[in-house]
1. Taking the Cα-to-Cβ direction at residue 240 and at residue 143 and moving 7 Å from each Cα, how far apart do the two end points lie in nm?
2. Would you compute, from DSSP H runs of 4+ residues alone, the mean residue ellipticity of the chain at 222 nm, taking -39500 (n - 2.57) per run and dividing by the full residue count, rounded to the nearest 500?
3. Please compute P(r) over all alpha-carbon pairs of the range 185-262, binned at 10 Å starting from zero, and give each bin as a whole-number percent.
4. Among 72, 171, which comes first, second and so on when ranked by fewest other beta-carbon atoms within 10 Å?
5. Step by step: find N for the range 55-171, compute 2.2 N^0.38 Å, then divide the Cα radius of gyration by it. What's the final number?
6. Starting with the fewest neighbours, write out 132, 213 ranked by other beta-carbon atoms found within 10 Å of each beta-carbon.
7. Which three numbers, in whole Å and largest first, are the semi-axes of the equivalent ellipsoid of the chain derived from its Cα gyration tensor as √(5λ)?
8. Note the full-extension length gain between residue 182 and residue 52 as 0.36 nm times their separation in residues minus their Cα-Cα distance, in nm to one decimal.
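Bear in mind that the values in this text are calculations on the coordinates, not laboratory data. This is a predicted model, so every value here is computed, not measured. Here the Cβ is made from the backbone with ideal geometry for all residues, glycine too, and neighbour counts use every protein chain on show.
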């Protein structure tokens, strides 16, 4: 089944028994064994494992598979007490059936054992296709809206296919996002047709500057370049020496005028302080 129940020895489905009103757990286990549920009970007992992760610290230390669900009526009241020590076996009164027991975890296909009195009360509780239920406040089973549930057969039939239009194909190119022309050469060429020639000219200019720099460095390090540098150094040194000699001569003229009394020393000191 969908939940992994062992039902190879179960005689029929749905499984309805006359009575499971047993006082002892051993008697209930024996009865379930006669019904072919022994393999499923063994599967449940051997599936007990320690829960992985931090869940074991939150009062849920072990994991256990779900066993059969026993739905009983008023005539089998003792089954609730006798089945409470069976691992994985759940019991439920027919008037309190809930989805969490019928499909634990949202997975349908659980093995359900009905007692005879519980099975007879289903029509009174949930109703039928023709009559409404009493205990469920007028609930009625819904009928299928389709007499044939094979959708693939209906869709592929000639009657349906003859009325359908041809499949539409969208040939429009999907947008792949906005490109940056400063980074996308194709878009820049579309916006500026001269961009390709400009890039080629820039590359050529870079190569020319690189070649010229290499040639200039080579010329500077050659014998003629060193001689030219020596001439420039000599000319610069001569200029500096001439300037220094001019300053010395001008200073000597000032000293001579002071010595001759043409310039007052105190006045000269005041002018220097003001400056």
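1. Label-label distance for residue 240 and residue 143, simple model: 11.7 nm.
2. Value at 222 nm, helices only, nearest 500: -13500 deg cm²/dmol.
3. All Cα pairs, binned at 10 Å, distribute as 15, 16, 15, 15, 13, 12, 8, 5, 1 percent.
4. Listed from fewest to most nearby Cβ atoms, that is 171, 72.
5. Normalised by 2.2 N^0.38 Å, the Cα Rg of the range 55-171 equals 1.68.
6. The most exposed by this proxy come first: 213, 132.
7. 109, 37, 23
8. Extra length available between residue 182 and residue 52 comes to 41.3 nm.
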